[in-house]
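The block underneath contains the structure these notes are about, expressed in C-alpha cells.
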Amino acid sequence: MSGFDVLTRGDVLDSALQARDYLVSCGVPGALAAKDPDLWGRRAVDHSRLGWLDLPFASRGLLNQVDGLVAEARYSGLDHIVLIGVGAESLAAQAIMEAHASARAATARAGAPDRPAGELTVLDGSDTAALAFALERLERTLVVLASKAGVSLEGDAYRRIFAGAFRDLGLSEREIAGRFLVITDHGSPLHDFSRQNGYRLGLTDPYLPGHFGALSAYGLVPAVLAGADANALLDDAASLVPSLSKEEDNPGLLLGAVLGGCAQQGPGGIARDKVVLREPGGPGALSAWVSQLLAVGTGRRGRGVVAFEPSGCRGSFPDVHGIALNPPTAAHDDSDTAVLAPVGAQFLLWEYATAVAGWLLGVNPFETGATAVQEAEDDAATLLRAAAGGPLTAERPAYTEDDIEVYADFPWPAHADLRTVLGGLVGSVPADGYLAVMTYLSGDFSGRYLAPSLARASGRPVAYGPGPAYPHATAPVHKEGPGNGAFLIITGDPAPGDALAAHPVPGRPYSLAQLRLARALGELRALRARRLPVIRLHLRNPVEGAGKLTEAVRDVASMVSAGRGR
C-alpha cells in the first residue's frame, strides 16, 4: 500500500470537524510542526519529548549502523531473533514483522524475487510455549533485550534461561555475550548492566517517550535483524511528514480530532471515549500497538481512550466508535472511521493523532505512565522475595468449584456458584464502563473466548489480553483514566507437561509459573488499592478449568439475556 488517508462520517465526522476547527484556531498544527512544547503549558513538556517527529529521517543513521550487525548475524547463521520486551518495546517490532510477512506473501504471489527471511519470536512473559519454540532454535538465535529502564522481572528470567542454555550448548562466556544485544536508553540502569556483562549495546535517546518510539531502535532494530525492510518503512513515514504541518488535508490532525473530539461529552452528555479497532485479517500487533499508545498517551487525570477488539464489542454501544485499519474497501466498511496507510505511516499518524487528542483532553501525552506500570512489578518482586520459593500468598479463596478457586473482596451468599460470582462481576460494570479480562496462563486460552459472552451479559464492551504484557501496555488508562473498569484476572497452575513453567529460573528461588502468578497478584493488589471491581479465578487444572469457565460465562450471558427479555 502507498499513500495515506483518514476517512470518517456520521456523528463522528461532526464531532471531528468541530474539534479540528478548534485545533486550527488555536494554532496546534503549526505549533506541533515547530515542536513547540508550550502547547502543553510552560515547562510541562520538554522540547526533546517531541523528537519522535524527526524519526522518519533521524533513524536513517541507525539503519546504517545496524547493517553491519545484520551482515555479521547472517554470516554466523543467526537468523532467529528472540525479542524480550513487554509493552511498546515489542509491539512495534511485531507490527513491522506482520506487515513484512504480508509484503513477502504478495511478492511470492507476483512471482518476484524475495529477500532472505529471518524469524522473530517475542517473549513478553505471557506464554512458555513461545520460550520452548525459541529454545528449539538455539543454534541460530540472537537475543535482543529491549527496555527503556532496567531489567524487568521477565527480562531477568529469560536472560538467565538463555545464558544457561547457551552455556549448555558449549558456548564460552565471550560467545554467550555475543549472542545478546541490548537496546536501552543512554545512562539507564540496563546500560550499565549490559556493559558489565559485555553485551552488544544499542543506545537510544532517554528523552524519547517509549510509547512514541515505534520508529526508533526499539521498533526497527529487532525487525531489521529478522529481515524487515526498514528503509521502505521510513520512506512511508517520511512521505506523511509534509502534510502534518498543514491546517487542511492533514490526516493526523483529523484523526486526533476524531479521538479527542469524540472523547469529550457531546450534546447528549455521552463521551465516545472508547474505540473498537478492526484489521482485515483480525486483531494484529498494529491494533495492540495503537491500544497501548492511546492508553499511555491519554490515560490520566480521570480521562483516556480505551481500545477494544471486535469480539469484545458485540452489539452497539453509544460511547464506542469503530476505526478500521487499512480496510480492503473503505466505502463498504461499517466503521465510523477508516485509517489507510502502510505501517510506517500508521506509526507516525497515530503518534501525531495521540498528541493532538491529548491536547484536546488536557493531558500530557508524553508522560510515561511509569508509576501505574512499575508499582505492580515492584509488588510482584516483593512477593517473590518474601516467599523465597514458598507460597506467594496466604489469601484463601472465597470458595472453590470444579477446581476453580474464586478470590474476591466481598462475601457471597451461601451455596453461591461460579455463575453467581460472574454475574456479580458483570453487574458491577458501570453504565459508562467496560470489563477487562487479563489471563496469566500458558497455552491458547485467552480472554477472546470469553469476551463475546461477557459483552452480552454486561451490556458493555470487553477488553482482554495476556498478562503481564497487556496490563503493562495499557495500565495508565485502567488505573489513572476514567476509573470505570471492572476486572477479571485468571491465573492457573502449570499445564500438565509444561516443564518450563515449573522449572526454576537459574539463580532465582522461583519458577516461571511463580513469576507469572506474582505478576498477577501484583496487578490484583494495584487494582484493589484503587477500589476498582476485581475478582481472580485460579484454575487448578488449566485445561479443564478453561472449558468450565467458558461454559459458565455463556450460561451467565444466557440468563441475563433471558432476564432482559421478560
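Using 0.36 nm per residue and subtracting the Cα-Cα separation, the extra length available between Asp11 and Asp235 on full extension is 77.2 nm. Look at where the Cα atoms of the range 276-341 and of the range 495-511 average out, and the two centres are 37 Å apart. Taking a ≥ b ≥ c as the square roots of the eigenvalues of the alpha carbon gyration tensor, the range 53-235 is oblate, as a/c is not under 1.5 and a/b does not beat b/c. For Lys246, give me every one of the lysines with a C-alpha distance below 26 angstrom, ignoring sequence neighbours fewer than eight places off in its own chain. Cα-Cα hits under 26 Å: Lys35. Given R₀ = 60 Å, FRET efficiency for Arg104-Asp38 by Cβ-Cβ distance, to 0.05? Between Arg104 and Asp38 the formula returns 0.85.
Here the sum of -39500 (n - 2.57) over DSSP H runs of 4 or more residues, divided by the residues of the chain, equals -15000 deg cm²/dmol at 222 nm, to the nearest 500. Amide H contacts of Ala271: Gly266, each under 5 Å away and 5 or more positions distant or on a separate chain (H built 1.01 Å from N in the peptide plane; Pro and chain starts excluded). In summary, the lysines within cross-link reach of Lys479, defined as a Cα separation below 18 angstrom excluding same-chain residues under 8 places away, comprise Lys274. Overall, the chain carries a charge dipole of about 800 debye about its Cα centre when +1 sits on the Cβ of Lys and Arg and -1 on the Cβ of Asp and Glu, all other atoms neutral. For the range 32-88, the Cα-based Rg and Dmax, in that order, read 17.7, 52 Å. Look at the dipole of the chain built from charges on Cβ: of Phe347, Pro468, Asn231, the Cα furthest out on the positive end belongs to Pro468. Multiplying the residue separation of Ala31 and Gln196 by 0.36 nm and subtracting their alpha-carbon distance yields 55.1 nm.
Only the Cβ atoms of Lys and Arg (+1) and of Asp and Glu (-1) were treated as charged; on that basis the dipole of the range 371-565 about its Cα centre amounts to roughly 340 debye. Residues whose amide H lies under 5 Å from that of Val276, counting only those 5 or more places away or on a different chain, are Phe308, His321, Gly322, Ile323; hydrogens are built 1.01 Å from N in the peptide plane.
Neighbour counts of C-beta atoms inside 10 Å place Arg448, Arg200, Arg179, Arg9 in the sequence Arg9, Arg200, Arg448, Arg179, starting with the fewest. For Val144, nonlocal amide neighbours, meaning residues 5 or more places apart or on other chains whose placed amide H falls under 5 Å from its own, are Val82, Leu83, Ile84, Leu181. Test of understanding: extend the Cα→C-beta vector of Ala130 to 7 Å, then name every residue of the range 272-305 with backbone N under 17 Å from that spot. In the range 272-305, the label zone of Ala130 (backbone N under 17 Å from the point 7 Å along Cα→Cβ) covers 283-293.
None of the figures in this text is laboratory data; all of them are computed from the coordinates on show. Source: prediction; values computed, not measured. Every residue, glycine as well, gets a Cβ built from its backbone with ideal geometry; the counts of neighbours run over all protein chains shown.
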